[in-house]
There are 2 protein chains.
Amino acid sequence: MAEKIFPYNQLLEFTRNVFEKIGCPPEQAKTASRALLSADLRGIDSHGVARLSGYVRLWEVKRVNATPNIRIIHETPSTAVVDGDSGLGLVIAPFAMQIAIEKAKAVGTGWVSVQHSNHFGIAAHHAMMALEHDMIGIAMTNASPLVAPTFSIDKMLGTNPICVAAPAGTEPPFVADLATTTAANGKLEILQRKNLDTPTGWVQDKEGNPSHDANILKKGGALLPLGGDREHGSHKGYALGAVVDIFSALLSGANYAPWVPPFPAYVPMPAQQPGKGIGHFFGAMRIDAFRPATDFKQSMDHWIQGFRNAKTVSGEEKVLVPGDPEREFEILRFKNGVPILDAVVNDLEALAEKFSISFL
Amino acid sequence: MAEKIFPYNQLLEFTRNVFEKIGCPPEQAKTASRALLSADLRGIDSHGVARLSGYVRLWEVKRVNATPNIRIIHETPSTAVVDGDSGLGLVIAPFAMQIAIEKAKAVGTGWVSVQHSNHFGIAAHHAMMALEHDMIGIAMTNASPLVAPTFSIDKMLGTNPICVAAPAGTEPPFVADLATTTAANGKLEILQRKNLDTPTGWVQDKEGNPSHDANILKKGGALLPLGGDREHGSHKGYALGAVVDIFSALLSGANYAPWVPPFPAYVPMPAQQPGKGIGHFFGAMRIDAFRPATDFKQSMDHWIQGFRNAKTVSGEEKVLVPGDPEREFEILRFKNGVPILDAVVNDLEALAEKFSISFL
């Protein structure tokens, strides 16, 4: 798996150019490229620039609208439903999160459910928008059905991630961003490239038997909810994924469960469409709607330091706080550049050629 | 493990009597006994009347205040912080949930963080209060530190459960109520009584090694976050438990992390007390703050039926929807009575004698 290192700004600029070439207004192209590249910076390589050609293909088959009329279709003082008009989730999500933040400024909290969207990149990028306002940020989304609930062969849910970001004082913020499956699809892709088996509890085959085959999804298999099997709590991972689906799609009128549109443009849309596009859910809670922000942040510092100083099991250097690994990636890659696999570089070069723009 | 069957109403009446005997006002005794007994009805035997003598002991050592001044100490249109004045969590939680519901009526959603409380029974009882108002209900709580985060030997979190309840139309409601650990403590107690080992990924010993000993908590061991170990996603269970702690205690000013007061009255309070009592968090979201409730409930029915009709793995009869097993218990036990272990019966008889009330 050869790779090359590219400066973050070069990748950002290229991505912005591509989004402009498919017709995104300049401001939206900027928003989308920042959202997409935040994944590469934070070490979530599966959700970053590696997906750029995928978004372009969705636009080519007219499943992404480059000039959407993103708007609120219903609201109360603390809630809104946003219609994304089939735009890029990378643009719709920051729009919706901003509404949640404005509502939190006005009445303490804001909650926005989104219909008619597409994949929004990583949840953390959107949830973290709340931090500079001394708010807790929440972001979640449903996704293409790849996950079999406990006792099911059918794939009924996506990896349905949840992110919660909370500000601290002198410590960096707490940022928990997790798929509600034992392992996300990106982890399988890494094993596929290395020709390795998966651990127990990650996937099952098309008959629902436990499997260790990293390629099993291509053979009719499924990802498993966090917990793996019933004895290890998979009904909990399933329930959490279901909650994400309900908040993101049932509250907004988006597609849900096995009827969520697939990300790959070559996979046909489900015959049944009970809603519109895919769904997201965002929340913002103003800290001082509960307690003075300085008190909260002081407690967060104490909390974080408590975990960092916990005694570790033999062989482990330290107990991590959610968000630590991603923040370390972010600092390093912003400074030293982002490693891109050769296969992805080829993909980006093909995009450069298609749109007559320079990549290097 | 011999057991006897008691009618629900008899247990409820007895529990109400005991709460009155320790000085609870009659209305609060009624609220508390209903909350406690809902666990027995729903099959969560570890959290029901089996804990009644534990609550009494907390009152005896003056850690439970039978006549608390439960009040809002801060609020905005969509939020509140409640000071439980060291009362029974079984009383404070319904009080706080009711505030969340009232705020949701006014501005779409309501969010209440609680300090200075005690254990509140099962989360589902409180979250489900929202259902009759066509709202989604959310309840969570922190708890005594029994859980070691990923890579930690120290026990830094409680089993920190989350419940989300959402109404449906012709189908029964969706009710996900889950500890953020692979298995809750009650599951260990069942294995202890049967003299059985735990499956892999439930507990570790005092040095952080994997263990199968159902009695390991008494030997310095710990429960493990949902996922079990890093390879199986325990950092996700840990992150979810941490979110519960932040919402319940850091937002309210309750104790958090390893400083949460223990439930057993004989366990000394932690030397350090960074907050007050234990913390809870409640939410209510009015469905029609997002979308007409009839549309939502129709979609929920379709969603639920989709899961129920999913193809099952060999040997399993059906795919369950979160809340199904507890609802089946509730129907059966309300009709046929609640089985109580002989050890618990002895406990209740001792209470009857102590307070000169009749049990049978």
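The set of residues in the stretch A:16-33 being closer than 19 Å to A:Val344 by Cα and either surrounded by 24 or more Cβ atoms within 10 Å (Cβ to Cβ) or free of Cβ contacts under 8 Å to residues at least 24 places away in the same chain (or both) consists of A:Arg16, A:Val18, A:Phe19, A:Ala32, A:Ser33. Scanning for something in a strand (DSSP E or B), surrounded by fewer than 21 Cβ atoms within 10 Å (Cβ to Cβ) and either of a type in the set (Val, Ile, Thr) or free of Cβ contacts under 8 Å to residues at least 40 places away in the same chain (or both), does the stretch A:300-316 turn up at least one residue? Checking the stretch A:300-316: at least one residue is in a strand (DSSP E or B), surrounded by fewer than 21 Cβ atoms within 10 Å (Cβ to Cβ) and either of a type in the set (Val, Ile, Thr) or free of Cβ contacts under 8 Å to residues at least 40 places away in the same chain (or both).
Looking across A:Glu171, A:Glu189, one residue alone is more than 8 Å from chain B (Cβ to nearest Cβ), surrounded by fewer than 23 Cβ atoms within 10 Å (Cβ to Cβ) and modelled with pLDDT of 95 or more. It is A:Glu171. All told, A:Ser248 meets the bar of being under 26 Å from A:Arg71 (Cβ atoms) and either crowded, with 24+ Cβ neighbours inside 10 Å or not assigned by TED's automatic domain parsing to the domain that holds A:Ala80 (or both). Note on the stretch B:82-103: residues that are within 12 Å of chain A (Cβ to nearest Cβ), assigned to a helix (DSSP H, G or I) and out of contact with any Pro (no Cβ under 9 Å at 6 or more places or on another chain) total 1. Candidates A:Ala184, A:Ala214: the one that is facing another protein chain (nearest Cβ under 10 Å), crowded, with 18+ Cβ neighbours inside 10 Å and within 22 Å of the chain's Cα centre (by Cα) is A:Ala184.
Checking each residue in the stretch B:151-176 for being closer than 15 Å to B:Val243 by Cα, touching a residue at least 40 places away in the same chain (Cβ under 8 Å) and in contact with a Gly (Cβ under 8 Å, 6 or more places away or on another chain) picks out B:Met156, B:Leu157, B:Gly158, B:Thr159, B:Asn160, B:Cys163. The set of residues from the stretch A:103-125 being of a type in the set (D, E, K, R) and surrounded by fewer than 24 Cβ atoms within 10 Å (Cβ to Cβ) comprises just one member, A:Lys105. B:Glu207: within 12 Å of chain A (Cβ to nearest Cβ), surrounded by fewer than 22 Cβ atoms within 10 Å (Cβ to Cβ) and either closer than 20 Å to B:His126 by Cβ or over 17 Å from the mean Cα position of the chain (by Cα) (or both), yes or no? Answer is yes for this residue. Restricting the stretch A:270-289 to residues that are touching a residue at least 60 places away in the same chain (Cβ under 8 Å) and more than 10 Å from chain B (Cβ to nearest Cβ) leaves a set whose member that is surrounded by the fewest Cβ atoms within 10 Å (Cβ to Cβ) is A:Lys276.
Remark: pairs (first residue in the stretch A:177-202, assigned by TED's automatic domain parsing to the domain that holds A:Asn215; second residue in a strand (DSSP E or B) and surrounded by fewer than 22 Cβ atoms within 10 Å (Cβ to Cβ); Cβ separation under 7 Å; 6+ apart in sequence or on different chains) = A:Thr200/A:Pro210.
Out of curiosity, is A:Ala284 at pLDDT below 95 and either aliphatic (A, V, I, L, M) or in contact with a Pro (Cβ under 7 Å, 6 or more places away or on another chain) (or both)? Judged against the criteria, A:Ala284 is not a match. What number of residues within the stretch A:104-118 are facing chain B (nearest Cβ under 8 Å), within 15 Å of B:Trp111 (Cα to Cα) and in a strand (DSSP E or B)? Residues meeting the conditions: 2.
The values are calculated or read from the model by the stated rules, or taken from the named source; none is laboratory data. Because the structure is a prediction, the values reported are computed rather than measured. Every residue, glycine as well, gets a Cβ built from its backbone with ideal geometry; the counts of neighbours run over all protein chains shown.
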